[in-house]
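Peer 1: Structure incoming, see below.
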Amino acid sequence: MRLRAAAAGLVPFLLVALYWQHASSSAAGSDRALVRQQARDVALDWGPPTLSSKRIIDGSPNYLPVPNAEGPAPDDMAWRKEVSSDPSVPCPAGRRPYHTILTAQGSLYQQWQTKIFYYHFRKQQAAGGRCTEMTGFTRLLAGKPDELMPTIPTVAVPEAGHNVTRGFPVINRPWSMLLFIDMKEFRERIIERYDPKSGGIAQKWLPDTKVADMPPVGPSPILIHVDLLRAVTPLWYELSWKLKRDPEANAAYGWMLEMWGYSIAAARLESLPFARLKIKHFVWQRIQIEPSAAWHQTLSERDGDWAPAVDPFIYHYTFGVEYLLDGSPVVGGKGTWSLDKRNYFGAAPPPDLKAPPECAQEAGRVWWGMFNEAIGNLTKEGQWYGRTGQSTRSRTSDESTELEAAMGALGKELVDGGQWLIGNEKAPLQFFRRGKLWTKWGGGTWRVTGGTKVHVARQRDKHAMKLWVPMRHVSMEYTGWRDSGGCKL
């Protein structure tokens, strides 16, 4: 799997902004000299992004950077085959080094996430070899210099005051970038030499732009040239500031307000006839995946007919992943097994987070593994915390295990042994955990009421149909269990 890094989600938000560059003061070894041998942006030689036949899950267009981007040998990665094992040989043409800027504040909540993020950045940077494109890294800190600065490349800028944020600290993202782009540290670290309802509310700020034409992005993450970053940042900050003071926009956008500020700024910059530079965003589903307990749980294979989420580059953990101990996902609440960054506002996660339930789906297991790996190694290096929070499992039993015990041997056989066939019609009958059942006539409920008796009620009937079923007298044909990845439903 090609998952590149763990990127944090909503508030306080850690922005992952990737900026194409030619050199970086943070690049390892002789990288600065090597990348300067590239005279121009090779992407200028390609055509525009290719519109994929698959769409983003929200229905937005899905663009591929090159037509075969999701194939085994993408054209824009062909240069990797020419990398020499001789360190004195320059990196081949076609390479596009970039600098990662991570916006952050100095709270413990953001510090521990930054440590995990930077661990995985360094790991993937090393895996890319001497010609990696992941060269520079800067943590852009809104606040006072802190204890992370000796181990993580950091530039600190003054934090925005309450008169700017009005209690919305995410405005520090455009605020800190606005200050950073005019600092000498920006010029020294990032050297760029290339050639030059929500939608309805947004229309108030872009009256000549259709909702469908709004760029479907916030800066989370973006890949952008430095000149375009300089152009959009002042407007991004200005609009975020104004949106926060607009009651309608503030109520509608909530913690996503600053992201809408960026989208509106980008759309406005594109529409201004006198603007020297224009911004046009193209969204590629594969750049990142954003799972929750309810969706996007598959990372290594297609997830339905929408745009493929195969081998995403970034795991964007905005949402928590919640499970009962039997592997049933919990939506809209806390699971007995819970991995959610919001669980660790006051203390960082501990080492050796307990594993997800056996039947938990792939995304939660990958996220748990990436956290455990980073925390374990940072602990060995003496860079983790002495006081930590709770683990991922809060107790040893829950309603799912209690339900399993209450089902007894008969209930367990009904669930594990189905799908069943009823009578001469050979009509399917499927028993599910938590007392749910399915038939070709509709759904229903069931419960074991005695040693060999089951009460069944079909929801479609005006009067619930009660069937007392002595199993020894009823003919039911076993057709093999229904399973999901080896886990019984």
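The values are calculated or read from the model by the stated rules, or taken from the named source; none is laboratory data. Computed from a prediction, not measured in an experiment: that's the story for all the values here. Because the Cβ atoms are built from the backbone with ideal geometry, glycine has one as well, and the counts that use them run over all protein chains shown. For accessibility, only protein heavy atoms count, side chains too; no ligands or nucleic acids. Shrake-Rupley method; radii C 1.70, N 1.55, O 1.52, S 1.80 Å.
Peer 1: Do you know which of the residues in region 115-140 that are among the hydrophobic types (A, V, I, L, M, F, W, C) and outside any loop (DSSP other than H, G, I, E, B) is surrounded by the fewest Cβ atoms within 10 Å (Cβ to Cβ)? Before you say what the answer is, go through the steps one by one.
Peer 2: Going residue by residue through region 115-140, those that are among the hydrophobic types (A, V, I, L, M, F, W, C) are 116-117, 121, 126-127, 131, 134, 137, 140.
After this cut, where a residue has to be outside any loop (DSSP other than H, G, I, E, B) as well, the list is 116-117, 121, 126-127, 134, 137, 140.
Values: 116: 23, 117: 24, 121: 20, 126: 12, 127: 10, 134: 21, 137: 21, 140: 22.
Within region 115-140, the match that is surrounded by the fewest Cβ atoms within 10 Å (Cβ to Cβ) is 127.
Peer 1: Can you find, within region 146-166, the residue that is nearest to residue 239 (Cα to Cα) among those that are open to solvent by less than 50 Å² (accessible area, probe 1.4 Å) and part of a loop (DSSP other than H, G, I, E, B)?
Peer 2: Going through region 146-166, the residues open to solvent by less than 50 Å² (accessible area, probe 1.4 Å) turn out to be 146, 148, 152-157, 160-161, 164-165.
In the following step, the residues that additionally are part of a loop (DSSP other than H, G, I, E, B) were identified as 146, 148, 152-153, 160-161.
Working: 146: 30, 148: 31, 152: 31, 153: 29, 160: 15, 161: 17 Å.
The extreme case among them is 160.
Peer 1: Looking only at residues that are surrounded by 20 or more Cβ atoms within 10 Å (Cβ to Cβ) and out of contact with any strand residue (DSSP E or B) (no Cβ under 6 Å at 6 or more places or on another chain) in region 77-105, which one is farthest from residue 318 (Cα to Cα)?
Peer 2: That would be 91.
Peer 1: Filter region 239-256 for residues that are surrounded by 20 or more Cβ atoms within 10 Å (Cβ to Cβ) and either within 21 Å of residue 281 (Cβ to Cβ) or among the aliphatic types (A, V, I, L, M) (or both) and give the result.
Peer 2: Across region 239-256, the qualifying residues are 239, 240, 243, 249, 253.
Peer 1: Taking into account only those residues within region 415-429 that are under 36 Å from the mean Cα position of the chain (by Cα) and in a helix (DSSP H, G or I), which is modelled with the highest pLDDT?
Peer 2: In this case the residue turns out to be 415.
Peer 1: Further, regarding this structure: Is it the case, given these coordinates, that residue 331 is open to solvent by 40 Å² or more (accessible area, probe 1.4 Å) and either within 20 Å of residue 120 (Cα to Cα) or in contact with a strand residue (DSSP E or B) (Cβ under 9 Å, 6 or more places away or on another chain) (or both)?
Peer 2: On the way: open to solvent by 40 Å² or more (accessible area, probe 1.4 Å): yes; either within 20 Å of residue 120 (Cα to Cα) or in contact with a strand residue (DSSP E or B) (Cβ under 9 Å, 6 or more places away or on another chain) (or both): yes.
Yes: the conditions hold for residue 331.
Peer 1: If you don't mind, there's one more thing I want to ask. If I go through region 308-341 residue by residue, how many of them are within 20 Å of residue 359 (Cα to Cα) and among the β-branched types (Val, Ile, Thr)?
Peer 2: 4
Peer 1: Let me ask another. Does residue 309 satisfy the criteria of being buried (at least 19 other Cβ atoms within 10 Å of the Cβ) and at pLDDT below 85?
Peer 2: Criteria met by residue 309.
Peer 1: Just the residues that are part of a helix (DSSP H, G or I) and within 20 Å of residue 186 (Cβ to Cβ), please, taken from region 90-114. Walk me through it before giving the result.
Peer 2: The initial filter retains those residues of region 90-114 that are part of a helix (DSSP H, G or I), namely 108-114.
Answer for region 90-114, where residues must be part of a helix (DSSP H, G or I) and within 20 Å of residue 186 (Cβ to Cβ): just 114.
Peer 1: Being among the polar types (S, T, N, Q), at pLDDT 80 or above and outside any loop (DSSP other than H, G, I, E, B) is the filter here; which residues of region 387-403 pass it?
Peer 2: We begin by selecting, within region 387-403, every residue among the polar types (S, T, N, Q); these are 388, 390-392, 394, 396-397, 400-401.
Next, from what is left, pick out any that are at pLDDT 80 or above: 388, 390-392, 394.
388, the sole residue that qualifies.
Peer 1: Scan region 75-89 for residues that are assigned to a loop (DSSP other than H, G, I, E, B) and either acidic (Asp, Glu) or not assigned by the TED database to the domain that holds residue 160 (or both) and jot them down.
Peer 2: Just the residues of region 75-89 that are assigned to a loop (DSSP other than H, G, I, E, B), to begin with: 83-89.
Answer for region 75-89, where residues must be assigned to a loop (DSSP other than H, G, I, E, B) and either acidic (Asp, Glu) or not assigned by the TED database to the domain that holds residue 160 (or both): just 86.
Peer 1: While we're here: Quickly run through region 338-353 and pick out the residues that are open to solvent by less than 10 Å² (accessible area, probe 1.4 Å) and among the charged types (D, E, K, R).
Peer 2: Selection gives 341 alone.
Let's see how each residue does on (1) surrounded by fewer than 16 Cβ atoms within 10 Å (Cβ to Cβ); (2) assigned to a loop (DSSP other than H, G, I, E, B):
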residue	(1), (2)
355	yes, yes
370	no, no
374	no, no
377	yes, no
382	yes, yes
385	no, yes
405	yes, no
413	yes, no
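Peer 1: For the condition open to solvent by 40 Å² or more (accessible area, probe 1.4 Å), modelled with pLDDT of 80 or more and acidic (Asp, Glu), what is the one hit in 208, 182, 213?
Peer 2: Details: 208 fails: modelled with pLDDT of 80 or more; 213 fails: modelled with pLDDT of 80 or more.
Step by step, each of 208, 182, 213 is checked, and only 182 is open to solvent by 40 Å² or more (accessible area, probe 1.4 Å), modelled with pLDDT of 80 or more and acidic (Asp, Glu).
Peer 1: A further question on this structure: Here are 221, 234: which of them is assigned by the TED database to the domain that holds residue 117, at pLDDT below 90 and either open to solvent by 10 Å² or more (accessible area, probe 1.4 Å) or among the aromatic types (Phe, Trp, Tyr) (or both)? Before the answer, list the steps.
Peer 2: Numbers: 234 fails: at pLDDT below 90.
After applying the criteria, what remains is 221.
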